Each structure stands twice: as C-alpha cells, then as structure tokens.
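Asks: Got a structure for you, questions after.
Values quoted throughout were computed directly from the atomic coordinates according to the rules given, and no laboratory measurement underlies them. What you are looking at is a predicted structure, and each value in this text was computed from that prediction instead of being measured. Ideal geometry is used to build each Cβ from the backbone, glycine not excepted, and the neighbour counts take in all protein chains shown.
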There are 2 protein chains.
Amino acid sequence: MADTKEIVVEGVEALTLNGKTEEAKEAGAATTTGAATDDDVVDPWTVTSTNDGGVDYEKLIKRFGSSKIDDELIARFEKITGKPVHHLIKRGLFFSHRDLHSILTLKEQGKSFYLYTGRGPSSGSLHVGHLVPFFITKWLQDTFDVPLVIQLTDDEKVLWKDLKIEDAIKMGRENAKDIVALGFDVNKTFIFNNLEFMGKCPAMYQNIIRIQRCVTFNQVKGIFGFGDSDIIGKIGFPAAQAAPALSSTFPFIFGNRKTACLIPCAIDQDPYFRMTRDVAPRLGFPKCALLHSTFFPALQGAKTKMSASDQNSAVFLTDTPKQIKNKINKYAFSGGRTTVEEHREFGGNPEVDVAYQLLRFFLEDDAKLEEVRVAYTKGEMLTGEIKKLAVETLTPIVEQHQAARKLITDEMLDKYYEIRPLKFGS
Amino acid sequence: MADTKEIVVEGVEALTLNGKTEEAKEAGAATTTGAATDDDVVDPWTVTSTNDGGVDYEKLIKRFGSSKIDDELIARFEKITGKPVHHLIKRGLFFSHRDLHSILTLKEQGKSFYLYTGRGPSSGSLHVGHLVPFFITKWLQDTFDVPLVIQLTDDEKVLWKDLKIEDAIKMGRENAKDIVALGFDVNKTFIFNNLEFMGKCPAMYQNIIRIQRCVTFNQVKGIFGFGDSDIIGKIGFPAAQAAPALSSTFPFIFGNRKTACLIPCAIDQDPYFRMTRDVAPRLGFPKCALLHSTFFPALQGAKTKMSASDQNSAVFLTDTPKQIKNKINKYAFSGGRTTVEEHREFGGNPEVDVAYQLLRFFLEDDAKLEEVRVAYTKGEMLTGEIKKLAVETLTPIVEQHQAARKLITDEMLDKYYEIRPLKFGS
C-alpha cells in the first residue's frame, strides 16, 4: 500500500495525471477510474488538488463509484455493534465505503469476516497521519472481534522507489513496530511483508497467478495509468496487493473457508480494490468491502507540497515534545486572519486551518472540538491558541506511542509475523 | 520453459507473428528480436517456417545474434574435457551458443559453474523430443561434474493454457518422473516447480522483483511480442524464467557465490535469456551462457502442424512397441520417391525424411548413420527400410525409459525437490 497521503494542492502539477496532459486525463474518463471532471488527481501515487480546501470528496465518491457513509449507515452500525462509531467515522474522516452494509449483515447473522490493511514501508519512521488507518482498524478489530492481516508492501517500495530489497525489509520491520505499538492483539493479528511472506506461503504466489490471469495490461493501464515505459514489476504488482483480499491466501488462518474481507484504507488505495472486486467473483470469492478515509493534511497546508524527506512537513512519531511544538507553531498552515484585530472581527476558517484539522483527527472529545470550531470561526479563539491546543493534544499521543514502541522487542514482533492460526469467531 | 517444439511449416500461418500482420513483423525488425527477413517465426510460443526444410538455422543465428558452434569450438571442447562431444553437438542438433567459450575457460581454470534447464508442463506425458535437452544436460553434468537446477514452469502453463493450478503442479510432477528416469544424480540435481518453490524460498521472489525492476513493458513487447490485451501474468512471467540464471536464487546451493550458469535449451527459449543476459550484469551477475538446440521434427514432417492433443503427431514415452511401429510406418513423413523404381533411380532426400531425422537424434553410431544417409540418398535404402531402422532404434530407448520410470517412486522424486545443498566442485 502507498503511504497515507498528505493533501497536496498545486496549480501547475494538477494539470497532469501521471505525466499525461489534461486532454489525456479527460480521455481517461472512459477508463475504470471514471470521469475526472475536476482538477483533483487521486491515485495510489499522486494526490493533488487545485482547490484551496483540498480534494473534493463528494466528487471523488461519484468518480470512484463508491458510497457515502451516511447517517443511516452510521445508525445501523451503532445499532448492530451496540456502541457509538469511532470519531473518525462520525466526523466524516472515514467518509466513503463499498459494501459495508454486507459486513454489518454478516455481523447480524453471527457470521465472521476478517480485516485487511497495510502499509508501504518507504521510510523507517512514520508520521502521525500514518496511524489513522491503523486507529480505525484496531477499533474495528476490537468492536467485531475478528482476525486482521496487515500487509507490508516492501516489494512495491523496491519497484517504485530507489530502495534495496534488504533496506525495504528493514523499514517494514521498523514500521511494523509502530503498528504493533498500537496494541493489536497478537492472537488475532498476522503481519507479513511480501518480500519474505511470498517465500513462505505458496498460496500467496498461486493466488497472485490466479489474479494476474484475470487482468490485462489494458485494464491496469486504465485503472492505474501504467504506460509502455513502465517496468513489468509495476504492471504485475497490483495482484500482490489484491491477493490478501482472498481468504485462501492465508490457508493457515482460514483453511478452505471463503471468508469475507473488510479493508480500511485511504481512498487513494481504492483502485487496487476496484480491480480486486472485479476479479474476486471470477475466482469464486466474495468482493472485499471497503472503508475509505480522507487524506491527512500536510503541516504546510493545502498550498505546499509534502516532502517525505522534509522533516518539517509532518509530525513524526519520533519527534520530541519540543519538535512537535516548534513544528506546529512554525509550519502549521493557519486559517486565521493576518492581524489579531481582523481575526477578532471576521473570524478564522477551520476548514483550511491545519491545527484544527489535526484536532479533528486526534481530539476525541466531540463537545470540545465543536466548541473550538465555533470559537475559532467567530474569532474568539486565536491562531496561537488553536495551535497550542493541537500541540497539547498531539504531544501525549506521540509520547505514549514512543513509550509503547520502546517495549516492542524483536521477539514480540516475530510473533506477529509467525505463520499460524489466529483466533477466529465463527 | 515452453515445450521443445516440433517443426511446423505452414504457408498461411507463417504470415502472422503472434496475430500481427506481415507489416507488423517487419516493423518488429527494430526490436530486440532482430530483423525477421525470412518467413521463419521462432519465439517461445510459435515455431513456423514456410521452407520445406523447416527453420533456416543459419539465418536464425544471425537474427538472434548468437554464435554458431563451429569446428574450432568443438575441438576446444574435446581438448578441455578430454573426450568426444556428444553426438547431438557433433551433428549440429545443438548448433548455436552464447559464451560457451567462457564456460570452457572456467573449466580450464578449475572453476565451477552450474547447469540450468527446464520444462513447461502442459501435458502429463512427454514425447521423445522432450528428452533431447535433458540428454545433453545429463551429458554435460556427467562431463563437467557440476550441479544442475531444473525449473518446471507450471505457472507459465497456468497463464498461457486453460490449466488449473493443481493440475499444472500434478503434470509437473509427472514430467519430473520422466526427467529423473534419465538418471540424473540426486546429489547434484535440484528440481523445482515455480508454483511451489516460490512459496518456499524468499530469494526466488526477491530476484524476480530485482529483474522486474530492470525490464519495461516496451522491452517485453519487443522481445516477446506482448500486447496491451495480454494478461499481466504473461507480462511479468519472463522474470520467473530468468531468475534461476542468477545463482543467488538458490542460496541453499550457492551461498553468496556468484556462480556462472550454462543453459542448454531449444533455441525458441533464447528470448528469455537475451533478456536475462541484459539484466544480469546490472545486478552484478555474470551473463548466462547458452547452448541452443534445433527443433524436434513432427512425425508428419515439415508440412503438418503438430498437435499436442494428437497422439499420432509424435512418439510418446508411454507408447508401446506396436504403437511406435505403427506411428512411424504410418505417419513419419518420407523423403523417398513415390515409386520404388524412381527411388532406386534418383534416391531419397534425408533432409526432409522424418525417419532419418529421428536417427540423427537417437542413433549414436556415427558410422552407421553416415552409411544410412549415403544409402538412402543413393536410393539403395528404401523408405520401408529406413523406417524399420528408426523403429528399431527408438523402441529400446522408449522401453528402457519406461522401465526406468517405473522405478521412480514419489519418495525418490521428493528428494530431487528437497531444498538442500548440492555437491559442488569448487
């Protein structure tokens, strides 16, 4: 899987889609990616928007052909699980889905399913945004008591980045420590990296071959924008991300059962699973269900391009409290006015304010968040104050994470990687 | 690997190359397959010729850019090994090579190399032509005392044919029994099938990714004629056939050594290894050396299309002596004249006579073969007589093979498949 993307809004680059011209992009409307009628570009490798507010998610749902998570679905979710939905769902940060109703129906019928998510390990240290899909995944696992498989696509990173096999594997393990530190139940969680798991479980390669037999170059061209000058590794890779959505990839967990699969991920990963959903029924498997998140904003806000090599573009999980404070104070894009007087008079704009966006993701208290939104919008709360709150909210989360991660030994990690049965409800 | 091809010479089909028109074929001259200035089509899936004598191998050497096995090379070969070359080499049935001189130099220097060959298991029973590359491989192994790896490309057959994973694996094992029956030393021979080995040895997938990172779709388009409507499995597959030419694919045999590799195969497999030779140095490995055979003639001769499902197109290793006799008498294309009188007067043509071609492959006695050639050319020997000799030559070979194969148990076969060190000279 690609990284959880930070929003990038640019005037110039949004005119191209994977190096193609605007015309080519329009022509792409006939492909499976659907019509691209606005200037947002969303695929597993590029997320850009020309709009100040970032990607237009309403339009994206239409373009991708997914469904909005509406009040009715949330109500059904809460009724069936008997508890409130996670604040990331309630606040629309997980905003789109495919077949979530089917998963809820399974739960109603007392049947089981499994969760599948992943990460592309392109750097050793994660930023706070990388945690978002794992927060919701852990919450879903706890709520539904189901097994979870986590794929580290180190092969993808070798193919796309200038990374050595050995380094990608190492980064994957470092990332896995961050994931494990969130408290996933080892009895219900299997973590694997493609570059090693492929050589330990024949079912994985066999399913990749089954999938690769169902998909043509024309199709991946349409879905992912691959071209003739792309390496053949990229062209074949989507099958490696698709395979874990078929339960037979993990015979040691699911045996012969064709178990349904729910995938929480950022919406830029949807192309992989549109392809998977097309193939799965042809192989006798249910289509995977999906739960899509929005993108995590870069500190510099909507007008600055994120840079993985730029330590100042994000709060990293390795940052000290001082670094967090400095980064947010210095770099977090403000929706406030240029002077305190103007701000008091006209109010701030939380929609583009990165400190406010961070609070939407990480401040669990709904009442407090609404209070902040109203006060900031009215100009009662100043930029310095909302940044201070963001620092106060993020710092303990990062500190707790660092403390938890310190306790993860290689032996503990190995247990998650071990090929073994998982605890499985039905 | 694709099957050892029988020669197919057709007037109509030779005009197309993988479904493309003659123009497209000419345009293909600019690709890495080189100029196709005659009507021979040779790639891993198609072997056709419009010439009565079958494929023009002199032209093929030019087109592929390989080297002819000439008298000088044979003399050096015999000097270094201290014994005569195999009759298949002496008679020009292995006629072309790449870097065979380098392999001989290694031998001179007391350094080692390994042999790599393979088979695509598309049917449970082999015909006698399938044995040819294994005859020479066994002879090379015995002569040089080197380890051998044999790849069964069951994944290829799943991707190209309408075969189930399970059936392809089963066929591979049946084929492996035929291979093992030729007497390969279990201490020096490792047999593996991709659909299972991939899931047992992470180095295999890791090398595939390394190779797939070096090759673009444009390149496989040029080398193999793949198109946009081809499945992505086909596009990625060449890397699976290339990987065993890198010794690091077998860490349990070669450790960290970068050992040179010699590949005996039919020349239709050369495109795979042209690609491999392009990639290997970029990954820090020596280019694999190659020893190319001609194609094995179909019984019906140069004007009839071979059919894998047509039991009468070839002598199968499961045929009874009666079947062999009937098939050769009834179907083997004759280079003789239409009447005995004409034959006595003008003589026969051994070049197109399938019985004579069978003798070239299987009759080891050089003097006897030359005697037959002269007598048949002069008309002293009749078609019935040369066919009788072919039957008498082939029958004991097939009978001995059947007897040897009967003794191969699953347990014996498993030993060849076992991941383990091999005996290795230096």
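Asks: What is the order of A:353, A:56, B:319, B:410, fewest Cβ neighbours within 10 Å to most?
Replies: Listed from fewest to most nearby Cβ atoms, that is B:410, A:56, B:319, A:353.
Asks: Also, quick follow-up: Tally Lys/Arg at +1 and Asp/Glu at -1 over every other residue whose Cβ is under 14 Å from the Cβ of residue A:142; what's the total?
Replies: With Lys, Arg at +1 and Asp, Glu at -1, the neighbours total +3.
Asks: Starting from the coordinates of the alpha-carbon atoms of the protein assembly as shown, obtain the Kirkwood hydrodynamic radius over all distinct pairs and give the value in Å to one decimal. If you can, show how the numbers build up before the last one.
Replies: On the way: mean 1/r = 0.0331 Å⁻¹.
Computed over Cα pairs of the protein assembly as shown, the Kirkwood hydrodynamic radius comes out at 30.2 Å.
Asks: Still on this model: Over all directions, how big on average is the projection of the convex hull of the alpha-carbon atoms in region A:253-378, in square nanometres?
Replies: 11.8
Asks: About the Cα centre of chain A, how large is the charge dipole given +1 on each Lys and Arg Cβ and -1 on each Asp and Glu Cβ? Please answer in debye to the nearest 20.
Replies: Details: 54 positive and 57 negative charges, 281 e Å.
Value, rounded to 20: 1340 debye.
Asks: Choose one of B:367, B:332, B:346: the residue whose Cα lies farthest towards the positive end of the charge dipole of region B:308-406 (beta-carbon charges +1 Lys, Arg; -1 Asp, Glu; about the Cα centre).
Replies: Farthest along the dipole direction, towards plus: B:332.
Asks: I've got another one for you. How high is the relative contact order of chain B, in percent, with contacts defined as C-alpha pairs under 8 Å that are six or more residues apart? Don't jump to the answer; show the numbers that get you there.
Replies: Details: 714 pairs, mean separation 87.3, N = 426.
The value is 21 percent.
Asks: Could you state the angle between the C-alpha long axis of helix A:71-81 and the longest principal axis of the C-alpha atoms of chain A, as a value from 0 to 90 degrees rounded to the nearest 10?
Replies: 60
Asks: Run the numbers for residue A:385 and residue A:399: contour at 0.36 nm per residue of separation, minus the present Cα-Cα distance, in nm.
Replies: 2.9 nm
Asks: Please give the Cα centre distance for region B:304-377 versus region A:388-424, rounded to the nearest Å.
Replies: 74
Asks: Quick one: if the Förster radius is 41 Å, what FRET efficiency do residue B:90 and residue B:318 give, using the C-beta to C-beta distance and rounding to 0.05?
Replies: The formula returns an efficiency of 0.85 here.
Asks: Something else now. With θ set to phi - 60°, apply the Karplus curve 6.51 cos²θ - 1.76 cosθ + 1.60 along region B:245-260 and write out the HN-Hα couplings as whole Hz, x wherever there is a Gly or Pro.
Replies: Here the 3J(HN,Hα) series is 7, 9, 4, 5, 5, 10, x, 6, 9, 10, x, 8, 5, 9, 8, 5 Hz.
Asks: Here's another thing I want to ask about it. So what's the angle, to the nearest 10 degrees on a 0 to 90 scale, between helix B:202-212 and the longest Cα principal axis of chain B?
Replies: Tilt of helix B:202-212: around 80 degrees.
Asks: Once you list every other residue whose beta carbon is under 15 Å from the beta carbon of residue A:90, what net charge do they have if Lys and Arg are +1 and Asp and Glu are -1?
Replies: Every neighbour counted, the sum reads 0.
Asks: Quick one: dipole size for the protein assembly as shown, taken about the Cα centre, charges +1 on Lys/Arg Cβ and -1 on Asp/Glu Cβ, in debye to the nearest 20.
Replies: 1780
Asks: Please turn the phi angles of region A:121-134 into ³J(HN,Hα) values with the Karplus equation 6.51 cos²θ - 1.76 cosθ + 1.60 (θ = phi - 60°), one per residue in order, whole Hz, x for glycine and proline.
Replies: x, 9, 8, x, 10, 8, 9, 4, x, 5, 6, 3, x, 6
Asks: Residue A:215's amide H: which non-local residues (gap 5+, or another chain) put their own amide H closer than 5 Å, with H modeled 1.01 Å from N in plane and none for Pro or chain starts?
Replies: B:232, B:233
Asks: Averaged over peptide B:187-195, how many Cβ atoms belonging to another chain are found within 10 Å of each residue's Cβ?
Replies: 1
Asks: Now for a different question. Report for the protein assembly as shown the percent antiparallel among DSSP-assigned beta bridges with both residues inside it, nearest 5.
Replies: Close to 35 percent.
Asks: If you don't mind, another one. Using the number of other C-beta atoms within 10 angstrom as an exposure proxy, rank A:259, B:249, B:377 with the fewest first.
Replies: B:377, A:259, B:249
Asks: Here is a further query. Kindly provide log₁₀ I(q)/I(0) values, in the same order as q = 0.06, 0.11, 0.14 Å⁻¹, from the Debye equation applied to equal alpha-carbon scatterers of chain B.
Replies: After summing over all Cα pairs, the log10 values are -0.24, -0.85, -1.42.
Asks: Quick check: the angle from helix B:366-378's long axis to the longest principal axis of chain B, C-alpha only, nearest 10 degrees?
Replies: Roughly 40 degrees, rounded to the nearest 10.
Asks: Oh, and also: Given R₀ = 35 Å, what would the calculated FRET efficiency be for residue A:108 paired with residue A:187, taking r from the Cβ atoms and rounding to 0.05?
Replies: With R0 = 35 Å, the Cβ-Cβ based efficiency is 0.90.
Asks: Which of the listed residues, B:181, A:231, A:281, is farthest toward the dipole's positive end in the protein assembly as shown, when Lys, Arg count +1 and Asp, Glu count -1 at the beta-carbon?
Replies: B:181
Asks: What is the Cα convex hull volume of region A:111-175 when expressed per residue in Å³? Working shown, then result.
Replies: Values: hull volume 5.6 nm³, N = 65.
So the per-residue hull volume is 86 Å³.
Asks: Quick query: amide H of residue B:115 versus all other amide H atoms, modeled in the peptide plane; which residues come in under 5 Å with a sequence gap of 5 or more or a different chain?
Replies: B:148, B:149, B:262
Asks: May I ask you to evaluate 6.51 cos²θ - 1.76 cosθ + 1.60, the Karplus curve with θ = phi - 60°, for each residue of region A:146-163 and list the ³J(HN,Hα) values in order in whole Hz, giving x for glycine and proline?
Replies: 10, x, 9, 10, 10, 9, 9, 8, 5, 5, 4, 5, 5, 6, 8, 9, 8, 10
Asks: How much net charge surrounds residue A:326 when only the other residues with a Cβ under 12 Å from the Cβ of residue A:326 are counted, with Lys and Arg +1 and Asp and Glu -1?
Replies: +4
Asks: Nearest 0.05, what FRET efficiency do residue B:411 and residue A:79 give at R0 = 56 Å with Cβ-Cβ as r? Display every interim value, and only then the final one.
Replies: Values: r = 59 Å, r/R0 = 1.05.
That gives a FRET efficiency of 0.40.
Asks: Pairs of Cα atoms under 8 Å, at least six residues apart: use those to get the relative contact order of region B:308-406, whole percent.
Replies: Details: 109 pairs, mean separation 32.4, N = 99.
For region B:308-406, the relative contact order is 33 percent.
Asks: If contacts are Cα pairs under 8 angstrom and at least 6 residues apart, what is the relative contact order of region B:141-206 in percent?
Replies: Value for region B:141-206: 44 percent.
Asks: Which length gain, in nm to one decimal place, applies between residue B:344 and residue B:367 when the Cα-Cα distance is subtracted from 0.36 nm times their residue separation?
Replies: Length gained between residue B:344 and residue B:367: 6.0 nm.
Asks: Computed over the Cα atoms of region B:48-129, what is the convex hull's projected area averaged over all directions, in nm²?
Replies: Details: hull surface 30.6 nm².
With the hull built on Cα positions only, its mean projection is 7.6 nm².
Asks: Which distance in nm do the two modelled labels at residue B:329 and residue A:174 give, with both placed 7 Å along the Cα-to-Cβ direction?
Replies: 7.7
Asks: Once amide H atoms are placed 1.01 Å from N in the peptide plane, what residues at a sequence separation of 5 or more from residue A:193, or on another chain, have their amide H within under 5 Å of its amide H?
Replies: Close amide H contacts, sequence-distant or interchain: A:152.
Asks: From Cα coordinates alone, what are the radius of gyration and Dmax values for region B:308-406 in angstrom?
Replies: Gyration radius and largest Cα-Cα distance of region B:308-406: 13.9, 47 Å.
Asks: How large is the convex hull of the Cα atoms of region B:162-267 per residue, expressed in Å³ as a whole number?
Replies: Enclosed volume per residue, from the Cα hull, is 143 Å³.
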